[in-house]
Amino acid sequence: MATTEPIRNARQAQDLFNYYYEKGEERNYAMVVLATYTALRITDLLALTWDNVYDFKSKRFKKFITLLETKTKKTKIIALNKNVITALKKIKRSAVQGKHIISNERTGKPISRVQAYRIIRSAGEALGMTSRISCHSLRKTFGYHAWKSGASPQVIMDIYNHSSYNVTRRYIGITQDDKNDVYLKLNIIA
């Protein structure tokens with residue numbers, strides 16, 4: 001099994017979001033945004049229903065998703081940031097209680113993991129991304145950019161439910177260039 005990589009370049013990540021948005025494929029756009037900003041495994045992401053993110057009574061998006069992770073069987077609470085809410089608003093017309101967010105328009109059932117992979121891989125290829133990109137790349141992209149933005153590795157580790165820092169370090173793909181940036185940017189004496 002080949003290892004996937006995070007999308008380290010923020011511009012490339014933005015290009016990936018824009019790829020489906022500009023094509024008018026809002027469901028695919030929302031899937032890519034949700035996968036990146038929630039750090040959910042694709043199985044958990046595809047299981048999300050509108051009830052998870054939208055309060056039909058108050059007609060408002062929820063501030064948090066609460067779910068039981070399929071792999072770890074642990075409860076996960078995820079704050080929905082403005083980027084996720086914006087993506088969800090673009091496909092809100094399909095919001096039906098109990099219906100899956102990322103669904104096949106004909107059947108109303110969630111798309112398959114294979115279809116999700118094809119959607120993400122196709123965009124990566126069209127954008128000339130040379131690294132191995134998959135659904136899991138988006139989960140890794142979350143951790144990499146959270147770390148580059150100053151998030152504590154321990155918090156990222158907890159978000160991922162990893163058992164050790166070494167797993168998280170390998171997972172987010174810290175490279176020698178990342179380490180070099182730390183050395184070169186440090187300025188204790190002005």
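Each value in this text was obtained by applying a stated rule to the coordinates, not by laboratory testing. Computed from a predicted structure; not experimentally measured. Cβ sites come from the backbone with ideal geometry, for glycine too, and all protein chains shown count toward neighbours.
Scanning segment 62-120 for residues that are out of contact with any Phe, Trp or Tyr (no Cβ under 7 Å at 6 or more places or on another chain), within 14 Å of Thr36 (Cα to Cα), surrounded by fewer than 18 Cβ atoms within 10 Å (Cβ to Cβ) and not charged (D, E, K, R) returns Thr86, Tyr117. When Leu68 is tested against the conditions (1) in contact with a helix residue (DSSP H, G or I) (Cβ under 7 Å, 6 or more places away or on another chain); (2) farther than 18 Å from Phe142 by Cα; (3) of a type in the set (A, V, I, L, M, F, W, C), the lone failure is (1). Within segment 21-69, the residues that satisfy the criterion of being over 18 Å from Gln97 (Cα atoms) and of a type in the set (Ser, Thr, Tyr) are Tyr21, Tyr29, Thr36, Tyr37, Thr38, Thr43. Scanning segment 83-126 for residues that are among the charged types (D, E, K, R) and farther than 19 Å from Phe56 by Cα returns Glu105, Arg106, Lys109, Arg113, Arg118, Arg121, Glu125.
The residues of segment 165-178 that are outside any loop (DSSP other than H, G, I, E, B) and either touching a His at 6+ places or on another chain (Cβ under 6 Å) or among the polar types (S, T, N, Q) (or both), listed by number, are Asn166, Thr168, Gln176. Restricting Thr130, Thr141 to those that are of a type in the set (Val, Ile, Thr) and over 16 Å from the mean Cα position of the chain (by Cα) reduces the list to Thr130.
Quick one: which helices (runs of 4 or more DSSP H) sit completely within segment 59-151 and have at least 2 residues that are under 29 Å from Gly173 (Cβ atoms) and in contact (Cβ under 8 Å) with a residue 60 or more places away in the chain? Per the criteria, 113-126, 135-148. Looking at (1) of a type outside the set (Ser, Thr, Tyr); (2) surrounded by 10 or more Cβ atoms within 10 Å (Cβ to Cβ); (3) in a helix (DSSP H, G or I); (4) without any contact (Cβ under 8 Å) to a residue 12 or more places away in the chain, which one does His162 not meet, given that it meets all the others? It is condition (3) that His162 fails. When Ala35, Ala39, Ala30 are checked against the criterion of being on the phi > 0 side of the Ramachandran plot and in contact (Cβ under 8 Å) with a residue 12 or more places away in the chain, a single residue qualifies: Ala39.
Screening segment 10-58 for residues that are assigned to a loop (DSSP other than H, G, I, E, B) and in contact with an Asp or Glu (Cβ under 9 Å, 6 or more places away or on another chain) and picking the one that is surrounded by the fewest Cβ atoms within 10 Å (Cβ to Cβ) gives Arg41. Restricting attention to segment 123-150, the residues that are among the small types (Gly, Ala, Ser) and under 23 Å from Ile111 (Cα atoms) total 5.
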